[in-house]
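Values in this text are rule-based calculations from the coordinates and carry no lab data. No experiment lies behind these values; they were computed from the predicted model shown. Glycine also receives a Cβ, built like all others from the backbone with ideal geometry; neighbour counts cover every protein chain displayed.
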Amino acid sequence: MIVYRIKIIKLKVDNIEHTYIIGDVHGCFYTLQRLLNQLPLDANIIFVGDLCDRGLHTKEVIELVIKNSYYCILGNHDDYMISHIKDCMDDSNLKVKWNQEEYMGGKQTLLSYTDDYDTMIKHLKWLKKIPRYIEINKYFITHGFGLPYYRRRKNSSSHVGLLKNRIKDKEGWGHDWEKDWKNYNVTNIFGHTDYDEVEIGKNYYGIDTGCVYGKKLTAIQLRTMNLYQQEIDVRDIRN
């Protein structure tokens with residue numbers, strides 16, 4: 001079940017080039033560490049969401065993000081975690097789609113919090129406060145493909161789209177797309193849909209490059225739009 005939240009953030013930064021957006025991490029802690037080592041120590045870091053599920057180290061990923069005061073967008077998997085993790089840890093016999101279906105990856109998230117209930121509660125409280133999108137200058141940072149909902153971004157009707165929309169969903173979610181999104185004078189940076197390489201359009205960048213599927217994790221630098229990438233560290237997906 002999607003839990004609806006409307007928090008948004010508009011950031012002002014002194015040096016836009018000092019800001020880097022990172023794609024879907026999905027519990028790939030070691031890969032994330034190696035990618036961060038490529039970036040300036042004092043960089044402004046924003047994640048497009050889906051910190052959790054599928055990879056083996058959700059707890060470590062979220063703890064790293066919190067400790068470093070990085071920004072993060074709410075992803076659909078983060079929302080699934082919010083909806084289910086406490087109930088599943090309170091009742092080990094509880095079976096829901098999130099912890100039963102392999103493609104959901106909730107089982108790996110639960111295992112990462114084994115014997116650490118207090119940390120789970122701390123992370124859950126933090127996840128409940130993260131925004132659905134972030135705006136910096138002309139950059140519109142979302143989890144799902146957000147351009148077709150840009151004019152309605154503050155409306156509740158756009159919330160599911162901002163979480164789960166995909167470019168290829170024109171006949172699905174796309175039935176309520178704003179018709180002139182291709183001409184908007186903003187640049188949408190998003191995750192959610194994994195690509196072999198960064199998906200680049202006239203005014204968008206899809207930066208989920210399938211790290212948890214054995215590919216790579218991507219960061220993009222604002223203004224220059226330079227890419228920084230790290231191949232998967234197999235410790236994130238194999239015991």
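Ranked highest first by average number of other Cβ atoms within 10 Å, how do 26-34, 105-113 line up? Intermediate values should be presented prior to the final figure.
Numbers: 26-34: 24.0, 105-113: 21.6.
Answer by packing, highest mean first, reads 26-34, 105-113.
When the Cα centres of the range 108-183 and the range 193-236 are compared, how far apart do they sit, in Å?
One Cα centre to the other: 17 Å.
Grab the other residues whose beta carbon is less than 12 angstrom from that of residue 23, score K and R as +1, D and E as -1, and report the net.
Neighbour charge sum, excluding residue 23 itself: -4.
Name the residues whose placed amide hydrogens come within less than 5 Å of the amide hydrogen of residue 189, ignoring near sequence neighbours (fewer than 5 apart) on the same chain.
140, 141, 142, 205
Using the Cβ atoms and a cut-off under 15 Å, what net charge is assigned to the surroundings of residue 120, where Lys and Arg are +1 and Asp and Glu are -1?
For residues surrounding residue 120, the net value is -4.
Students often check this: by mean Cβ neighbours within 10 Å, which of 137-144, 208-215 ranks highest, and how do the rest follow?
137-144, 208-215
What residues of the range 11-51 lie in the reach of a label at residue 63, counting those whose backbone N is under 19 Å from a point 7 Å from the Cα along Cα→Cβ?
Residues 25-37, 51 qualify, since their backbone N sits under 19 Å from the label point.
Which order do peptides 10-22, 61-73 fall in by mean Cβ count within 10 Å, highest first?
Working: 10-22: 15.5, 61-73: 18.1.
The densest-packed peptide leads the list: 61-73, 10-22.
Which FRET efficiency, nearest 0.05, do residue 128 and residue 43 yield, Cβ-Cβ r, R0 30 Å?
After rounding, the FRET efficiency stands at 0.70.
Quote the Stokes-Einstein diffusion coefficient, in whole µm² s⁻¹, for the range 125-239, based on the Kirkwood radius over alpha carbon pairs, a temperature of 10 °C and a viscosity of 1.306 mPa s.
Result for D is 105 µm²/s.
For residue 143, what charge total do you get from the other residues with a beta carbon under 10 Å from its beta carbon, if Lys and Arg give +1 and Asp and Glu give -1? Before the final figure, lay out each step's value.
Details: positive: 132, 164; negative: 24, 50, 78, 79, 208.
Cβ neighbours under 10 Å give a net charge of -3.
Please compare each pair in 128/202; 168/215; 10/202; 95/129; 164/216 to a cut-off of 29 Å on the Cα-Cα distance and tell me which ones are over it. Could the numbers behind the result be given before it?
Numbers: 128/202 33 Å; 168/215 21 Å; 10/202 23 Å; 95/129 26 Å; 164/216 21 Å.
In this structure, 128/202 exceed 29 Å between Cα atoms.
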